[in-house]
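Novice: Have a look at this one before I ask anything.
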Ligand SMILES: Cc1cc2nc3c(=O)[nH]c(=O)nc-3n(C[C@H](O)[C@H](O)[C@H](O)COP(=O)(O)OP(=O)(O)OC[C@H]3O[C@@H](n4cnc5c(N)ncnc54)[C@H](O)[C@@H]3O)c2cc1C
């Protein structure tokens, strides 16, 4: 058992969410421990992208390994002119993932946080808090346990409201016979599909996410925004090669292959449980874009401050968990999450031409509107207004697609109205 009185907080996990919230709780002066299956200093595999303005606002621009000002998307023929090229007029960045991890590890070390390398195996609650027992039989009691074990959390309960859509991608970092994107360029979405047969175009749409990493290295990733069940890696790999072949580009050297799969639109966790979540476990992935790191960085400090205040007020057990959930998922954010899930439900059912036309219209919205939509920084009334503006500016086939209920839209709408 850790300490006679136990810990204030015990965080489970070793990914970005666990490190972020542990660092913030430590900064509040709480007695906190991190329990991670593997060494939390082990290098992360994923690459994490973010819009430049998001890191600028957080004062964390020094954590970017790459930053591009030449940021574009392609939506193909019939959209915005011949090949549907659209400049985003905004910087995009890729975290230096070792620097991001070290940023949090340094804070954790500075605040003397206890790191326990162990597998959390079982959980029990009492009126003073919760106890985690590890696979080697050690018990650790804390006033609050935060499950940050990722998209398939070990303990956190989420209601099952149907099949969850997955964002899937297959990517290669390497050298190519010719540049797959212009020098110094970042491509958010290349939805051009002239390399696909008519029959392939009837299948689920995919796009290319690509960037120049400098020194002759590029990252190219074939991505399926969201599909239930998710598109297979085999199909994504085939499509990436087909796309490159069509442009006469061969892969000459592979440095790294990225396999990406995570749930886009899980339901919100059960907010009455005596256990908190943070990150993928707590459904913090943006259901319309798949991004999460910016949200961790923005929401971590507030959650930690709310927990510190509640702990200092003597709250414990279920009341403490309620204080945490109330801060992480207040009604305003629940409503926006509902709107984003509703929107994704529509997009998942668009065919390739509708999807290309939809995104061309989306990125033609005023710059601060589409950015706020993607960063989840627009208040609900502005978000709604933006969605209506998008509807008004879209082509007829897109409007028709937006109006046709083909999935769970009505039940999602019903849930939103309850909030
Ligand atoms: C390939 C890929 C690319 C992505 N790209 C981006 C991007 O560009 N930008 C962005 O914002 N988001 C991106 N995401 C989405 C999201 O940010 C990531 O999925 C992120 O890693 C989720 O963080 P997490 O800490 O919640 O979970 P994870 O990173 O999955 O971490 C979970 C941790 O819990 C630990 N754990 C599991 N079980 C136990 C246990 N029993 N006891 C203790 N510890 C345990 C695991 O070892 C792991 O360290 C991407 C996701 C993927 C998969």
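All of the numbers you see were taken from the coordinates with simple rules; none came from a lab. Everything numeric in this text was worked out from a predicted model, so none of it was measured. Positions of Cβ are backbone-derived with ideal geometry, glycine not excepted, and every protein chain shown enters the neighbour counts.
Novice: Tell me, what is the FRET efficiency for residue 242 and residue 270 to the nearest 0.05, using R0 = 41 angstrom and their Cβ-Cβ distance as r?
Specialist: 0.40
Novice: Note down the nm distance, to one decimal, between modelled labels 7 Å out along Cα→Cβ at residue 102 and at residue 38.
Specialist: It is 2.0 nm.
Novice: Note the full-extension length gain between residue 313 and residue 124 as 0.36 nm times their separation in residues minus their Cα-Cα distance, in nm to one decimal.
Specialist: Details: separation 189, 0.36 × 189 = 68.04 nm, distance 2.33 nm.
Computed gain between residue 313 and residue 124 is 65.7 nm.
Novice: With the Cα gyration tensor of region 213-305 in hand, convert its eigenvalues to equivalent ellipsoid semi-axes via √(5λ) and list them largest first in whole Å. Kindly include the intermediate steps, with their values, before the conclusion.
Specialist: Values: eigenvalues 246, 60, 18 Å².
Rounded to whole Å, the semi-axes are 35, 17, 9.
Novice: Using Cα atoms only, what is the angle between the long axis of helix 331-347 and the major principal axis of the chain, expressed in degrees (0 to 90) to the nearest 10?
Specialist: 30 degrees
Novice: Residues in region 16-51, backbone N under 19 Å from the label point at residue 257 (7 Å along the Cα-to-beta-carbon vector): list them, ranges by number please.
Specialist: 45-47
Novice: When the Cα atoms of the chain are enclosed in a convex hull and the volume is divided per residue, what value in Å³ results? Kindly include the intermediate steps, with their values, before the conclusion.
Specialist: Numbers: hull volume 58.7 nm³, N = 419.
Once divided by residue count, the hull of the chain is 140 Å³.
Novice: May I ask for the angle, rounded to the nearest 10°, between helix 352-362 and the longest principal axis of the chain, with both axes built from Cα atoms and the value confined to 0 to 90°?
Specialist: That helix lies at roughly 70 degrees to the long axis.
Novice: Let me ask something else. Compute the Rg/Rh shape ratio of region 166-263: radius of gyration over Kirkwood radius, all on alpha-carbon atoms. Kindly include the intermediate steps, with their values, before the conclusion.
Specialist: Values: Rg = 12.9 Å, Rh = 13.5 Å.
Using only Cα positions, Rg/Rh for region 166-263 is 0.95.
Novice: Let me ask something else about it. Below 8 Å, C-alpha to C-alpha, sequence gap of six or more: please give me the relative contact order for region 56-131 in percent.
Specialist: Working: 68 pairs, mean separation 18.9, N = 76.
After rounding, I find 25 percent.
Novice: Hey, another quick one. Using only Cα atoms, tell me the angle between helix 317-328 and the longest principal axis of the chain; keep it within 0 to 90° and round to the nearest 10.
Specialist: Approximately 30 degrees, to the nearest ten.
Novice: Using 0.36 nm per residue of separation minus the Cα-Cα distance, give me the extension gain between residue 138 and residue 45 in nm, one decimal.
Specialist: 30.5 nm
Novice: So, one more: Take the alpha carbon atoms of region 18-95, find their center, do the same for region 190-236, and report the distance between the two centers in whole angstrom.
Specialist: Going from one Cα centre to the other spans 20 Å.
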